[in-house]
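The values are calculated or read from the model by the stated rules, or taken from the named source; none is laboratory data. Note that the coordinates shown come from a computational prediction; the quantities given were computed from them, not determined experimentally. Cβ sites come from the backbone with ideal geometry, for glycine too, and all protein chains shown count toward neighbours. Just so you know, the surface numbers come from the protein's heavy atoms only, side chains and all, with ligands and any DNA or RNA stripped out. Shrake-Rupley method; radii C 1.70, N 1.55, O 1.52, S 1.80 Å.
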Amino acid sequence: MKTVRTIHDVRESLASRRTSGESVGFVPTMGALHDGHWSLVSRAREECAHVVVSIFVNPLQFGVDEDLDRYPANLDSDLEGCRQRGVDMVFCPSAAEMYRSAIKTSVHVSELTDRLCGRSRAGHFDGVCTVVAKLLNIVLPDRVYFGEKDYQQLLVVRKMVEDLSMGVDIVACPTCREDDGLAISSRNQNLSDDERRAAGAIYKSLQDAQASIDAGETSAGVVIEKITSYIARNGADRIDYVEVVDDATLEALPQIDRPARICVAAYFGKTRLIDNVAVHTQSL
Ligand code: PAF
């Protein structure tokens with residue numbers, strides 16, 4: 001496995017792979033790698049001749065009051081995990097390498113980014129799109145792998161790739177969960193033991209919501225109220241949003257009468273967690 005720190009070296013070492021027609025699969029990450037990331041890596045390993053992982057905590061996607069300084073990092077164990085899983089190259093640039101001069105370009109996807117996390121995290125998706133566009137331009141992969149846990153990010157990046165004709169296939173992979181259903185996230189490491197126990201309430205509330213929809217509930221308002229009160233009763237310190245949205249446009253739905261997602265963002269202590277599930281109604 002090669003560990004590469006410069007854009008020049010990534011381009012140079014992938015050039016021969018490309019000319020010999022080998023497919024390149026790419027997993028962009030911010031490090032603190034966990035089973036969610038490993039599921040993306042193993043899918044890429046199954047589907048592509050050459051697997052590249054990037055590890056870069058992108059400052060552009062963190063707001064001033066957000067957790068950039070607290071974002072967990074463990075490069076040595078990330079690299080060892082990549083090695084064990086047959087990754088061919090890890091690109092771990094410094095911020096100075098990625099943003100050599102003060103960056104004047106920003107990639108903005110409209111509408112999809114006004115909703116859900118976009119409302120409380122101003123500029124977040126511009127930061128994500130800008131770095132993902134840059135990474136895709138550097139690695140030029142055939143396929144790029146994203147987890148459904150960050151469902152809005154997945155849709156926003158998909159739209160960017162489509163609108164800018166970036167010519168890469170986006171592969172969406174299911175959310176990986178802990179035993180109690182908590183979506184696996186690097187930020188889970190920041191939870192205290194009590195917060196960690198309480199955070200299981202998010203997925204439990206989403207499962208209960210699915211059960212009530214299975215039993216015939218179609219009102220988004222009723223579902224949202226049940227989830228909000230369950231999470232609040234079970235230890236969330238603050239709820240950012242609970243929404244039932246159209247699964248393609250992310251527009252809020254009054255009635256669950258088409259393919260939908262229930263999306264949640266809530267704070268346990270200082271840690272903001274997000275989760276979502278696809279909703280199936282009997283009639284769909
Ligand atoms: O999902 C993440 O870890 C990040 O948003 C990404 C896609 C690596 C961009 O920094």
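Out of curiosity, is ALA248 part of a helix (DSSP H, G or I) and either within 19 Å of GLY181 (Cα to Cα) or open to solvent by 50 Å² or more (accessible area, probe 1.4 Å) (or both)?
It is false that ALA248 is part of a helix (DSSP H, G or I) and either within 19 Å of GLY181 (Cα to Cα) or open to solvent by 50 Å² or more (accessible area, probe 1.4 Å) (or both).
Give the residue that is nearest to ARG177 (Cα to Cα), with candidates limited to residues of the range 20-62 that are open to solvent by 30 Å² or more (accessible area, probe 1.4 Å) and assigned to a loop (DSSP other than H, G, I, E, B).
Going through the qualifying residues, I end up with HIS34.
State whether the residues of the range 12-26 include one that is within 22 Å of CYS173 (Cβ to Cβ) and within 16 Å of the ligand (Cβ to nearest atom).
Within the range 12-26 (the criterion being within 22 Å of CYS173 (Cβ to Cβ) and within 16 Å of the ligand (Cβ to nearest atom)), the answer is yes, since at least one residue qualifies.
Show the residue pairs meeting these rules: Cβ distance below 8 Å; 6+ apart or different chains; first residue within the range 176-200 and within 21 Å of ALA73 (Cα to Cα); second residue part of a loop (DSSP other than H, G, I, E, B) and open to solvent by 40 Å² or more (accessible area, probe 1.4 Å).
ILE184/GLU178; ASN188/GLU178; ASN190/LYS270
Got a sec? Which of ASP194, ASP179 is under 23 Å from TYR230 (Cβ atoms), out of contact with any Ser or Thr (no Cβ under 6 Å at 6 or more places or on another chain) and part of a loop (DSSP other than H, G, I, E, B)?
ASP179
If I filter the range 149-159 down to residues being away from the ligand (no atom under 11 Å from the Cβ) and crowded, with 19+ Cβ neighbours inside 10 Å, which single residue comes out as nearest to CYS173 (Cα to Cα)? If you could, list the steps in order and put the result at the bottom.
Just the residues of the range 149-159 that are away from the ligand (no atom under 11 Å from the Cβ), to begin with: 151, 155, 158-159.
Add one more test, that the residue is crowded, with 19+ Cβ neighbours inside 10 Å, and what stays is 151, 155.
Numbers: TYR151: 10, LEU155: 13 Å.
Residue satisfying both the conditions and the ranking: TYR151.
Output yes when any residue across the range 42-65 is modelled with pLDDT under 95 and within 12 Å of the ligand (Cβ to nearest atom), and no when none is.
Among the residues of the range 42-65, not one is modelled with pLDDT under 95 and within 12 Å of the ligand (Cβ to nearest atom), which makes the answer no.
For GLU66, only one of the following conditions fails: (1) in a loop (DSSP other than H, G, I, E, B); (2) open to solvent by less than 30 Å² (accessible area, probe 1.4 Å); (3) in contact with a Lys or Arg (Cβ under 8 Å, 6 or more places away or on another chain). What is its number?
Answer for GLU66: the failing condition is (2).
For the range 76-96: of the residues being open to solvent by less than 30 Å² (accessible area, probe 1.4 Å) and part of a helix (DSSP H, G or I), which is nearest to GLU46 (Cα to Cα)?
CYS82
Could you check GLU80 against (1) over 26 Å from ALA248 (Cβ atoms); (2) in contact with a strand residue (DSSP E or B) (Cβ under 7 Å, 6 or more places away or on another chain); (3) acidic (Asp, Glu) and say which number it fails?
(2)
Scan the range 169-191 and tell me whether some residue there is open to solvent by 30 Å² or more (accessible area, probe 1.4 Å), of a type in the set (Ser, Thr, Tyr) and either within 16 Å of the chain's Cα centre (by Cα) or within 14 Å of the ligand (Cβ to nearest atom) (or both).
Scanning the range 169-191 turns up at least one residue that is open to solvent by 30 Å² or more (accessible area, probe 1.4 Å), of a type in the set (Ser, Thr, Tyr) and either within 16 Å of the chain's Cα centre (by Cα) or within 14 Å of the ligand (Cβ to nearest atom) (or both).
Residue under question is VAL144, and the condition is that it be of a type in the set (Val, Ile, Thr), in contact (Cβ under 8 Å) with a residue 24 or more places away in the chain, within 13 Å of the ligand (Cβ to nearest atom) and part of a helix (DSSP H, G or I); does it hold? Walk me through it before giving the result.
Numbers: of a type in the set (Val, Ile, Thr): yes; in contact (Cβ under 8 Å) with a residue 24 or more places away in the chain: yes; within 13 Å of the ligand (Cβ to nearest atom): yes; part of a helix (DSSP H, G or I): no.
No.
Any residue in the range 117-131 that is of a type in the set (Val, Ile, Thr) and within 11 Å of the ligand (Cβ to nearest atom) sitting within a Cβ distance under 8 Å of a residue that is open to solvent by 10 Å² or more (accessible area, probe 1.4 Å) and modelled with pLDDT under 95? List the pairs, counting only those 6 or more apart or interchain.
Once the first residue is of a type in the set (Val, Ile, Thr) and within 11 Å of the ligand (Cβ to nearest atom) and sits in the range 117-131, its partners that are open to solvent by 10 Å² or more (accessible area, probe 1.4 Å) and modelled with pLDDT under 95 give THR130/ILE103.
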